[in-house]
1. With the condition kept exactly as written, say whether any residue in region A:121-143 is under 14 Å from the mean Cα position of the chain (by Cα) and polar (S, T, N, Q).
2. Quick check on this structure: which one of B:656, B:729 is under 23 Å from residue B:593 (Cα atoms) and either outside the structural domain of residue B:463 (by TED's automatic domain parsing) or touching a helix residue (DSSP H, G or I) at 6+ places or on another chain (Cβ under 9 Å) (or both)?
3. Taking into account only those residues within region A:24-44 that are surrounded by fewer than 20 Cβ atoms within 10 Å (Cβ to Cβ) and outside any helix (DSSP H, G or I), which is farthest from ligand 3 (Cβ to nearest atom)?
4. Can you find, within region A:76-92, the residue that is nearest to the other protein chains (Cβ to nearest Cβ) among those that are within 10 Å of ligand 1 (Cβ to nearest atom) and under 25 Å from residue A:199 (Cα atoms)?
5. Looking at region A:45-123, what helices (runs of 4 or more DSSP H) fall wholly within it and have at least 3 residues that are touching a His at 6+ places or on another chain (Cβ under 8 Å) and closer than 24 Å to residue A:23 by Cα?
6. If I ask for residues that are without any contact (Cβ under 8 Å) to a residue 40 or more places away in the chain, more than 9 Å from chain B (Cβ to nearest Cβ) and assigned to a helix (DSSP H, G or I), which ones from region A:6-23 would you list?
7. Residue B:559: touching a residue at least 60 places away in the same chain (Cβ under 8 Å), of a type outside the set (Lys, Arg) and more than 14 Å from ligand 4 (Cβ to nearest atom), yes or no?
8. Considering only region B:544-607, give the helices (runs of 4 or more DSSP H) lying wholly within it that have at least 2 residues that are buried (at least 24 other Cβ atoms within 10 Å of the Cβ) and at positive phi.
Amino acid sequence: MTAPLPEVASRKYDLTFARWVRDNVEGGDKMNMCMQCGTCSGSCPIGPEMDNGPRKTFMMVRAGMREEVLSSSTLWNCTSCYRCTVRCPRGIKVTAIIQGLAQVAAKEGYAPKGENASFANAFWWSASTFGKTDERLVPTLYYFSAGFMEGIRKSLDNLKIAINMLKAGRMHIGMPHTIKDKKGLKAILAKAAEIEKAKG
Amino acid sequence: MSEFERKPCVYLCEGCGIKDALDIDDLERVATMEMGVPEAKRSDSFCAGDGYETLKKDMESGDVNQAIIVGCSPRVMAEQFRELPGQVIRANIREQVVWTQPPNDEDTQMMAADNIRMAAAQAQNSEPPQAYWDAASSLKLLVVGGGVSGLSAAREASKTGCEVVLVEKSDALGGWAAKWSKTIPGAAPYTGLQENGIADLIKEVEEDKNITVHTNTIIGQTEGMPGKFTTQLVNGKGDSWDVFGSIIVATGWREMDTAKLEHLGYGKSDDIVTDIQFEQRLADGNIPKTAAIIINPDKEIQPFSSGVSTKVAIKQALQIMQADPDAMVYVIYEELRAHGTAESFYREAQEAGVVFQKGEVKSVDGDLTVTVHDDLLGANIPMTGLDVVVITTGMIPNSTNIDIEAAEKGEDQLKDDIRPNLPLITINGEEPEAASDDDDGDVMPGGPILNLQYRQGPHIPVLANGFADSHYICFPYETRRTGIYTCGPVRRPMTIAEAKEDAQGAVLKAIQAMRMSNQAEAVHPRVGDLSYPEFGLNICTKCRRCTVECPFGAIDEDPETDYPVLNPSRCRRCGTCMGACPVSTISFKNYNPQMVSEMISAVEIPDEFDEKPRILVMACENDAIPALDMAGINRRQINKYMRVIPVRCLGSVTLLWVKTALEKGYDGIMLMGCKSGDDYQCHFVKGSAMAQERMSKVGETLQSMMMEEERVAVTEIAISDTRKIADTLNSFGETIEGLGLNPFKM
Ligand code: SF4
Ligand code: SF4
Ligand code: SF4
Ligand code: SF4
């Protein structure tokens with residue numbers, strides 16, 4: 001990210017924010033090609049959980065609604081499944097733009113403090129520690145982040161799924177699996193952090 | 001009829017599976033013994049080979065002057081038979097009989113025999129048409145309008161060697177295009193702003209030896225007919241007369257009334273402008289930093305909100321972006337009509353950064369705040385800080401001349417002619433009923449362009465929004481005044497590239513019309529037809545019905561005697577006048593009330609104990625007959641009791657035929673024609689509507705004969721309705737069988 005994020009627009013339909021996104025977010029240069037067909041939001045498996053979905057997000061960017069876009073849950077609910085990108089008839093890198101906007105939001109302090117953040121923290125802890133996401137530890141950390149009672153309730157809610165996953169061999173009991181070269185992983189992550197820092 | 005000595009011969013074709021499905025000996029007996037045709041010949045093919053040679057020799061030697069060819073549909077092999085001297089009559093037993101009926105069946109055989117009887121009756125009651133007049137006529141073209149369409153038309157005509165007179169009302173050529181330069185891309189790859197090339201086009205026309213240009217000139221009046229239009233050219237210096245073969249009206253378009261744009265803020269600020277005004281700003285290099293372009297969606301004032309408005313909006317938005325890549329341009333639309341190649345242009349504008357905003361404009365304030373209900377965000381959002389608000393406008397066709405004070409009468413005539421479907425003046429002289437739709441406010445102000453000295457009025461008939469009336473699918477350049485063609489935006493909204501192409505089409509038609517008129521032949525759809533309506537004035541009651549109902553204004557009343565007088569080259573030979581005449585005194589040499597009555601009577605009607613009904617189908621030969629042929633080609637089974645007579649147009653069907661058929665013992669009558677109404681497909685514009693009107697009166701006749709009204713039906717059939725036509729005939733057959741036989745059967 002080179003150019004600083006523009007000030008909040010004083011009026012609607014100001015293209016300053018859209019132009020900034022065009023120049024500073026990966027895939028943003030093609031965002032104006034969006035014809036608002038809605039294929040992306042319609043294809044999105046998380047669509048019903050999102051406040052806006054990708055289509056509306058793009059329209060909001062074009063309308064100059066910086067605040068609304070950066071504080072939207074859409075950016076955090078995206079699972080990077082790439083269905084939208086594959087299906088967009090205008091060839092727009094929808095996922096990349098959503099992820100890019102999420103990065104901007106995180107950096108500018110718009111990242112949500114609640115559940116999304118806890119899940120992300122749990123996910124990141126497991127991934128950076130073991131090089132893998134552990135199917136027991138990530139949910140457990142996430143569930144109990146909202147308090148002990150809440151943790152018990154959420155765990156019980158999902159017990160059936162856990163048993164089925166065990167039966168299907170999708171979850172295991174015992175020590176967490178790790179990757180072989182944990183040191184290599186650490187080095188990679190350190191390098192990435194260095195690059196990010198250099199970019200400012 | 002005259003001294004024409006008939007020498008008929010029947011040619012029975014045995015090919016194409018006919019021999020395997022029918023008893024040819026029996027058919028020969030019907031033709032010769034029963035119908036009295038002196039001779040019948042057989043061959044495996046009369047369209048080629050030995051059979052054709054025999055036929056050709058017979059006719060060229062003069063032994064035969066009426067060939068009754070029994071075989072395929074008249075729609076196929078027409079070329080071969082057209083070369084033959086003398087009259088060719090076709091009895092269709094292939095598509096209509098062998099291909100729609102089970103082979104070697106009693107009813108199939110009866111149907112084929114009846115088709116031969118009808119063809120023989122047709123021969124006995126018709127003769128080859130002769131040209132009405134052989135005087136040489138003008139091959140000069142008049143083009144009215146010196147804008148892109150008119151200039152292109154003049155150039156295109158000149159390239160074919162045609163002499164052209166171009167008349168322009170203003171003092172300079174070029175029209176709107178001369179004021180502007182950049183235009184919507186009209187050639188591959190359909191992106192980028194292109195020069196409109198108007199200066200070159202004007203130069204080409206001015207240097208062209210075949211083209212005479214008159215500026216500051218209007219048409220005083222026009223009389224006559226194709227090949228002989230006598231036209232008065234009026235300018236400040238006086239007037240002159242000239243004779244033209246045909247006329248192209250390319251008068252283009254004008255701005256819409258800006259008073260109608262007030263609800264979009266027009267008038268509240270100098271920076272709320274129409275696209276036309278904005279075009280001028282762009283030409284002057286006055287580029288805004290922020291702009292909203294509203295594609296005027298108002299259905300009320302612009303019911304035809306056209307693709308041109310959309311393309312103009314895209315063009316102007318792109319022009320701003322190209323001049324200043326940091327500019328902010330919003331195009332606000334409810335319907336973005338970037339059809340066809342304009343899709344590439346639309347994408348180009350998006351890539352350049354133009355934002356397309358779907359929404360409804362709620363208000364535009366004097367400080368240029370545009371409040372839009374943004375459909376995609378689902379909220380009313382004000383747009384502020386704009387430098388300019390542009391409103392696209394419609395193209396109002398110049399189908400009238402606004403420079404001339406409209407005479408009260410002139411306006412009324414255009415108004416009455418606005419709807420092609422206006423009710424007819426009835427024979428009893430009753431007033432026409434008020435038209436059902438209430439767009440009476442749409443009267444085009446201004447005087448007529450050509451000031452036609454026609455009984456039917458000085459204007460070229462127009463459609464509801466003032467665009468010249470034409471058969472929009474088949475004959476788009478046609479007006480309802482033969483030999484007069486329109487091209488460019490007077491016909492429909494279009495871009496420069498489209499207008500140029502349109503001019504080519506109209507020129508081809510106009511040249512064809514002059515040349516055909518020169519040979520006394522009809523223009524389309526009956527191209528090359530020599531027949532024309534003749535009026536038996538001895539029994540004419542001067543009822544004027546023919547003059548009123550002719551869709552092309554071909555008939556005048558003699559100012560002294562009041563009898564109808566034909567302007568032959570205006571006539572399209574549709575026969576609508578013939579169908580209208582209450583005393584059946586209008587006839588063509590090869591198509592007349594007597595002939596069809598005899599054909600109807602020639603069919604053998606089985607007596608009531610046979611329980612075999614007969615259904616008369618009078619089908620329009622433009623669409624219904626081809627659809628019926630297609631049904632045959634697809635081998636669809638059709639009701640075995642139908643007997644088909646092709647008619648030139650449903651408008652030519654007289655009540656006399658319906659009565660004859662009912663008295664003769666037919667059990668049902670089906671009339672099949674093209675779609676009528678505002679979106680008509682009738683090849684003679686009004687014929688089908690006239691027929692509907694006439695047939696609505698048949699109910700009374702039926703009641704007076706103590707018969708059910710359902711026995712006579714009218715259906716609209718398009719050329720593609722091959723399944724529908726079979727289904728319609730079959731279900732009509734069932735209805736008739738349900739009603740039981742005609743009580744008048746002998
Ligand atoms: S990549 Fe994200 S936004 Fe796109 S479909 Fe998947 S979850 Fe939805
Ligand atoms: S699928 Fe592509 S074009 Fe359609 S709304 Fe989504 S981003 Fe826009
Ligand atoms: S009604 Fe048809 S056939 Fe009769 S004069 Fe008019 S154009 Fe000719
Ligand atoms: S020719 Fe027939 S329709 Fe025409 S004025 Fe005479 S009677 Fe009437």
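The values are calculated or read from the model by the stated rules, or taken from the named source; none is laboratory data. These numbers come from a predicted model, not from an experiment. Please note: Cβ atoms are built from the backbone with ideal geometry, for glycine as well, and neighbour counts cover all protein chains shown.
1. yes
2. B:656
3. Checking each candidate, the answer is A:26.
4. It comes out as A:78.
5. none
6. Correct list: A:20, A:23.
7. Judged against the criteria, residue B:559 is not a match.
8. Answer list for region B:544-607: none.
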